[in-house]
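A short write-up of the structure that comes next.
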Amino acid sequence: MSGTALVVDFGGVRRCLSSAVVGGGLRDATGWLNLQVPHGYARMDPDAHLREAMAARGVDVATTLGAMTAAHVDRAQWCEEPGAARVVATVGIGVPLAAAGRVLREVPPVNTINMLVLVEAALTDAALVYAVQTATEAKAQALSDAGIVARNHDGPATGTATDSICVAARPGATEPFAGPMAPAGTAIARCVHTAVMAGALDFERRRGAEFRWVGDGDRA
């Protein structure tokens, strides 16, 4: 942890597929930074902001992927299956949505679910896409299992409007599959489900406590 950013060093070069604000797409990288920003964040140049924040922390912008969230990065959830996969997720669900639900006129820019998936298998580029698919399905399952209801649909949420993911695999490109029945995909799914569900339940507990506190007549 560094200030208001969560920084993960991969310990070497990994092949990554991500929706990162800085360094997104398919590329090699050595680390991931998740920057916490205030609720109501309104800068129109998030990539420039991220680069500034990364440089200020001595992080190599050229080899590090950058994401951002209004969720508390110090409440990140971790899950690991040794030798297979490791996941870290920051879970903010102030406005949970269903992907195919009604289009809201205005979605407040609050919170997001950002996930980093470290995979020990040497996934091919196609398998990286499999891995993103598997992780996203596991995230949606976790939100459903946690009872998170969508704001735009009569059913469970599948995420938020600004979720981000990064899958970082070992180099070598020898494993062509990462679906939920493949060994790599099974580990990814279980770790994502565990981390996101824990984060969602924690978020709901804290939100419930805040609502009870606001309703307390003794509150100053």
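Could you list, in sequence order, the residues of region 113-172 that are of a type in the set (D, E, K, R), in contact with a strand residue (DSSP E or B) (Cβ under 8 Å, 6 or more places away or on another chain) and assigned to a helix (DSSP H, G or I)?
125, 139, listed by residue number.
When both residues are 6+ apart or on different chains and their Cβ atoms are under 7 Å apart, which pairs have a first residue that lies in region 113-130 and is buried (at least 24 other Cβ atoms within 10 Å of the Cβ), and a second that is of a type in the set (Ser, Thr, Tyr)?
Taking only residues 6 or more apart or on different chains, the pairs are 113/160; 114/69; 114/90; 114/164.
Looking at (1) closer than 15 Å to residue 193 by Cβ; (2) hydroxyl-bearing (Ser, Thr, Tyr); (3) open to solvent by less than 30 Å² (accessible area, probe 1.4 Å), find the lone condition where residue 144 falls short.
Residue 144 satisfies every listed condition except (3).
Somewhere in region 51-59, is a residue part of a strand (DSSP E or B) and either crowded, with 22+ Cβ neighbours inside 10 Å or in contact with a helix residue (DSSP H, G or I) (Cβ under 6 Å, 6 or more places away or on another chain) (or both)?
The answer is no, given that none of the residues of region 51-59 is part of a strand (DSSP E or B) and either crowded, with 22+ Cβ neighbours inside 10 Å or in contact with a helix residue (DSSP H, G or I) (Cβ under 6 Å, 6 or more places away or on another chain) (or both).
Do you know which residues across region 147-161 are under 14 Å from residue 89 (Cα atoms) and open to solvent by 20 Å² or more (accessible area, probe 1.4 Å)?
Scanning region 147-161 gives a single hit, 160.
Return yes or no: is residue 95 of a type in the set (A, V, I, L, M) and either open to solvent by less than 10 Å² (accessible area, probe 1.4 Å) or over 28 Å from residue 12 (Cα atoms) (or both)?
Judged against the criteria, residue 95 is a match.
Give the residues of region 1-20 that are within 19 Å of residue 87 (Cα to Cα), open to solvent by 50 Å² or more (accessible area, probe 1.4 Å) and within 18 Å of the chain's Cα centre (by Cα), sorted by residue number.
1, 7, 9, 15, 19
Just a yes or no: is a residue in region 71-92 in a helix (DSSP H, G or I) and open to solvent by less than 70 Å² (accessible area, probe 1.4 Å)?
Taking every residue of region 71-92 in turn, at least one turns out to be in a helix (DSSP H, G or I) and open to solvent by less than 70 Å² (accessible area, probe 1.4 Å).
Looking at region 25-50 only, could you name the residues that are touching a residue at least 60 places away in the same chain (Cβ under 8 Å) and exposed (fewer than 11 other Cβ atoms within 10 Å of the Cβ)? Break it down into steps so the answer makes sense when it comes.
First, pick out the residues of region 25-50 that are touching a residue at least 60 places away in the same chain (Cβ under 8 Å): 26, 28-29, 32, 34, 39-42.
Listed by number, the residues that qualify are 40, 42.
Scan region 166-180 for residues that are farther than 14 Å from residue 12 by Cα and either of a type in the set (Asp, Glu) or buried (at least 24 other Cβ atoms within 10 Å of the Cβ) (or both) and report the count.
Summing the residues that are farther than 14 Å from residue 12 by Cα and either of a type in the set (Asp, Glu) or buried (at least 24 other Cβ atoms within 10 Å of the Cβ) (or both) in region 166-180 gives 4.
The values are calculated or read from the model by the stated rules, or taken from the named source; none is laboratory data. All values derive from a computational prediction rather than experimental measurement. Don't worry about glycine lacking a Cβ; one is built from the backbone with ideal geometry, like all the others, and counts go over all protein chains shown. Heads up: the accessible areas ignore ligands, DNA and RNA and are worked out on the full protein's heavy atoms, side chains in. Shrake-Rupley method; radii C 1.70, N 1.55, O 1.52, S 1.80 Å.
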